[in-house]
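We did not get these values from a lab; they are worked out from the coordinates using the rules stated. It should be emphasised that the depicted structure is a prediction, and the values quoted were computed from it without experimental measurement. Cβ sites come from the backbone with ideal geometry, for glycine too, and all protein chains shown count toward neighbours.
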Amino acid sequence: MTKKGWIDISQPLSSDIAHWPGDTPFSYETAFTKEQTGSVNIGRITTSLHTGTHVDAPFHFNDEGEKIIDLDIELYIGTALVIDVSGYDHVDAEVLRGFDLEGVERVLLKTAVPNNPEVFPERISELAADMADYLGSKGVRLLGVDVPSVDPLDSKDMETHHALYRNGIHILENIMLDDVEEGNYELIALPLPIKGADGSPVRAVIRPL
């Protein structure tokens, strides 16, 4: 049975969270203790903007693309449809035609990859670039996925990223949908207003409609 309240679909950030090979791992420390300051504890984090649940700004893969601070925050607030594509290793426009996407602005894909924030996957389901044209034709503006990328993990051309961008579709990655049923939800996944940034961590939550 679907929970009725808000459901956190974010990966918890900790020193154990997986990160892209070669990228900056997440770390947290209490930089100054209350004993040291006489009044408060003060924490400090170090992280890649693409560790854990996060959104990509177009600048991530396009030097001329918008940065996080330039994006409309309403992209990340509103109704979303969770669809289960875990039965497919290759997700393309033909697969998505099997779902009713009329009037849907945000699509969250539940793939076959288990959500384990502490393990970076060796492979992920292939999300074909041709699905971008189909999603765009339906008026979709945001695509969320439960894997680190919408492209193959070794991709250099970032074909699906670029195809989504051409269709005005923005990207939310590393959401956790293992225990989420298909259906319509309200989504909040706000990025931080980081000037000049190519992405941002988010606290993504959904609530059944």
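Rounded to the nearest 5, the antiparallel percentage of DSSP beta bridges internal to the range 7-208 is 65%.
Convex hull volume of the Cα atoms of the chain, normalised per residue: 139 Å³. Choose one answer from Gly144, Gly52, Gly103: the residue with the largest mean-square fluctuation in a GNM of the chain with alpha-carbon springs under 10 Å. Looking only at Gly144, Gly52, Gly103, the largest GNM fluctuation is found for Gly103.
Amide H contacts of Ser200: Val55, Ala57, each under 5 Å away and 5 or more positions distant or on a separate chain (H built 1.01 Å from N in the peptide plane; Pro and chain starts excluded).
Mean sequence separation of contacting Cα pairs (under 8 Å, at least six apart), scaled by the length of the range 7-208, corresponds to a relative contact order of 30 percent. Between Asp178 and Lys156, the modelled labels are 3.4 nm apart [label points 7 Å from Cα along Cα→Cβ]. Each Cα pair under 8 Å and six or more residues apart adds its separation to the average, and for the range 55-120 the resulting relative contact order is 31 percent. In this simple spin-label model, placing a label point 7 Å from the Cα along the Cα-to-Cβ direction at both Lys195 and Glu94 gives a separation of 5.0 nm. Note on the chain: with a GNM built from Cα contacts shorter than 10 Å, the maximum mean-square fluctuation among Arg106, Arg141, Arg123 falls on Arg123.
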